[in-house]
Amino acid sequence: MAENRRKPEGSAFLVTKDINALLFDFDGTLLDTNELIIQTFLSVLDEHFPGRFERQEVLHFIGPSLEQTFTAIAPERTAELTEQYRAINKTLHDELVTEYDGVAETLRLLKNRGLKMAIVSTKRGASIKHGLELMGVGNIFDVIVSLDEVKEPKPDPEPILLALEQLNAAPGEALMIGDNSHDIEGGQNAGVRTAGVAWSVKGEEFLAGFNPDYMLQHISDLLHLTKEEVQ
């Protein structure tokens, strides 16, 4: 199980070395797109594979890239299903996404501290930028590494290492934050510290099983985690 690394009577984390670079997953971490993703998958899969996939099974498709998911389901139809998914997802997007509590405010506070900040996602760049604009934080991130920029998505270390390179940050000063196993394993493969988010749709216990260094109960926990001195 992951250690929450909190003092018993306070909200401060025990930090051994300064964290100066924050790498965020997007879907399910900064913006609640879970219902959007579930409904989009169900729409596509019910049409082509009626009765084969239930809502609970679709949860496993949250995190991997579309290509990874559809290749596992129907490798000869990956491109077709991916294209249909993206078309439906775009139509439903603004209606079904919601903001997590405190995310926009916390991101602005972290930015004002001078932290290096990046998005590292298996989503396409245009969709990420649209979501950030909806949240009112389109100017927060120094770097966005989307599926468009890499050959191998998380959990391969490539996107995280690319983000570090573009941020001019070392692995030892970075933290990868995400809601899925791909985020934690990708961070571990890249040699950075990792933080799971307790609001993961798959549940805190599931995510803790991948042994992130920290488990955030609320996005504002990052304000304590990145303090230069922790009381």
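Could you list, in sequence order, all residues of the range 122-140 that are surrounded by 19 or more Cβ atoms within 10 Å (Cβ to Cβ) and closer than 14 Å to F24 by Cα?
T122, K123, I128, G131, L132, V137 - these are the residues of the range 122-140 that are surrounded by 19 or more Cβ atoms within 10 Å (Cβ to Cβ) and closer than 14 Å to F24 by Cα.
For L110, all conditions in the list (1) surrounded by 13 or more Cβ atoms within 10 Å (Cβ to Cβ); (2) modelled with pLDDT under 95 hold save one; what is the number of the exception?
(2)
Among residues belonging to the range 141-151 that are open to solvent by 60 Å² or more (accessible area, probe 1.4 Å) and in a loop (DSSP other than H, G, I, E, B), point out the one that is modelled with the highest pLDDT.
Among those that are open to solvent by 60 Å² or more (accessible area, probe 1.4 Å) and in a loop (DSSP other than H, G, I, E, B), it is D142.
Residue check: is E9 over 20 Å from E204 (Cβ atoms) and at pLDDT 90 or above?
no
Just the residues that are within 10 Å of I184 (Cβ to Cβ) and hydroxyl-bearing (S, T, Y), please, taken from the range 201-226.
Scanning the range 201-226 gives no hits.
List every residue pair whose Cβ atoms lie under 7 Å apart, where the two residues are 6 or more positions apart in sequence or sit on different chains, the first residue falls within the range 20-40 and is within 14 Å of V103 (Cβ to Cβ) and open to solvent by 20 Å² or more (accessible area, probe 1.4 Å), and the second residue, located anywhere, is of a type in the set (V, I, T) and assigned to a strand (DSSP E or B).
So the pair list comes out as D32/T98.
The values are calculated or read from the model by the stated rules, or taken from the named source; none is laboratory data. All figures in this text were calculated on a predicted structure; none of them were measured in a lab. Ideal geometry is used to build each Cβ from the backbone, glycine not excepted, and the neighbour counts take in all protein chains shown. These accessible areas exclude ligands, DNA and RNA; they are computed on the full protein's heavy atoms, side chains included. Shrake-Rupley method; radii C 1.70, N 1.55, O 1.52, S 1.80 Å.
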